[in-house]
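Okay, so here's the structure we're looking at.
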Amino acid sequence: QVQLVESGGGLVQPGGSLSVTCAASGRFYRLYDMGWYRQAPGKQRELVAKVTRDGSSNYADSVQGRFTISRDNAKKTMYLQMNSLKPEDTAVYYCNAEATVVMGGVRRGYWGQGTQVTVSS
């Protein structure tokens with residue numbers, strides 16, 4: 001199975017920057033699409049950004065131009081660089097990944113436990 005562990009969250013002032021990381025481990029064959037989602041108190045979980053295995057990415061309109069998603073397939077790690085942070089970016093950020101456990105197996109989605117990002121002065 002796949003274990004996803006996020007790190008790098010914290011408290012930052014408005015206009016500041018923060019980077020979060022998602023590291024995958026466990027017994028699996030291959031990682032496919034990976035993404036960052038976030039959930040603010042009282043709101044539904046929403047997509048922030050996704051990146052394919054070959055590095056193609058897409059972003060939510062609210063973070064376009066401010067956030068950058070990337071991944072290192074060799075390290076089984078995904079990153080999210082967040083710049084020009086706003087109070088409305090405050091949320092728990094979750095890592096998501098699609099993976100197959102064996103070659104030719106069915107893709108399944110996995111979630112990390114989340115990391116808190118708070119933007120406040």
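The values are calculated or read from the model by the stated rules, or taken from the named source; none is laboratory data. These figures come from a predicted structure and were not determined experimentally. Virtual Cβ from ideal backbone geometry, glycine too; neighbours counted across all protein chains shown. Please note that ligands, DNA and RNA were not included when accessible areas were found on the heavy atoms of the full protein model with its side chains. Shrake-Rupley method; radii C 1.70, N 1.55, O 1.52, S 1.80 Å.
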Review point. What single numbered condition from (1) open to solvent by 70 Å² or more (accessible area, probe 1.4 Å); (2) farther than 21 Å from Tyr32 by Cβ; (3) acidic (Asp, Glu) fails to hold for Asp54?
Key: (2)
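Out of curiosity, is Gln44 within 25 Å of Arg108 (Cβ to Cβ), in contact with a strand residue (DSSP E or B) (Cβ under 7 Å, 6 or more places away or on another chain) and not small (Gly, Ala, Ser)? Please lay out each step first, then the result.
Details: within 25 Å of Arg108 (Cβ to Cβ): yes; in contact with a strand residue (DSSP E or B) (Cβ under 7 Å, 6 or more places away or on another chain): no; not small (Gly, Ala, Ser): yes.
No; evaluated as a whole, the condition is false for this residue.
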Review point. What single numbered condition from (1) in a loop (DSSP other than H, G, I, E, B); (2) among the polar types (S, T, N, Q); (3) over 17 Å from Val12 (Cβ atoms) fails to hold for Ser84?
Key: (3)
Revision key, fill the gap. Selection from region 17-42 of residues open to solvent by less than 60 Å² (accessible area, probe 1.4 Å), out of contact with any Ser or Thr (no Cβ under 8 Å at 6 or more places or on another chain) and assigned to a loop (DSSP other than H, G, I, E, B) yields none
Exercise for review: With respect to Gly105, determine if the residue is within 23 Å of Gln1 (Cα to Cα), exposed (fewer than 15 other Cβ atoms within 10 Å of the Cβ) and not β-branched (Val, Ile, Thr).
Suggested key: yes
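Could you grab me the full set of residues in region 75-93 that are open to solvent by 10 Å² or more (accessible area, probe 1.4 Å) and either at pLDDT below 95 or among the aromatic types (Phe, Trp, Tyr) (or both)? So that I can check it myself, show each step before the final result.
Quick first cut of region 75-93, residues open to solvent by 10 Å² or more (accessible area, probe 1.4 Å) only: 75-77, 79, 81, 83-84, 86-88, 90, 92.
Hit for region 75-93 is Tyr79, nothing else.
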**Study point:** Of residues in region 108-118 being assigned to a strand (DSSP E or B) and open to solvent by less than 60 Å² (accessible area, probe 1.4 Å), the one farthest from Gln1 (Cα to Cα)
**Key:** Thr118
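Determine if region 21-29 includes at least one residue that is out of contact with any helix residue (DSSP H, G or I) (no Cβ under 6 Å at 6 or more places or on another chain), among the aromatic types (Phe, Trp, Tyr) and modelled with pLDDT of 95 or more. Even if it seems obvious, please write down each step before you answer.
If we filter region 21-29 for residues that are out of contact with any helix residue (DSSP H, G or I) (no Cβ under 6 Å at 6 or more places or on another chain), which is where we start, we get 21-29.
Next, only the ones that are among the aromatic types (Phe, Trp, Tyr) stay: 28-29.
Add one more test, that the residue is modelled with pLDDT of 95 or more, and what stays is none.
Looking for residues that are out of contact with any helix residue (DSSP H, G or I) (no Cβ under 6 Å at 6 or more places or on another chain), among the aromatic types (Phe, Trp, Tyr) and modelled with pLDDT of 95 or more, one finds none in region 21-29, hence no.
Quick grid of which residues meet (1) within 16 Å of Gln116 (Cβ to Cβ); (2) in contact with a Phe, Trp or Tyr (Cβ under 8 Å, 6 or more places away or on another chain):
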residue: Ser7; (1), (2): yes, no
residue: Arg27; (1), (2): no, no
residue: Tyr32; (1), (2): no, no
residue: Gly35; (1), (2): no, no
residue: Arg38; (1), (2): yes, yes
residue: Gly42; (1), (2): yes, no
residue: Leu47; (1), (2): no, yes
residue: Asp54; (1), (2): no, no
residue: Tyr59; (1), (2): no, yes
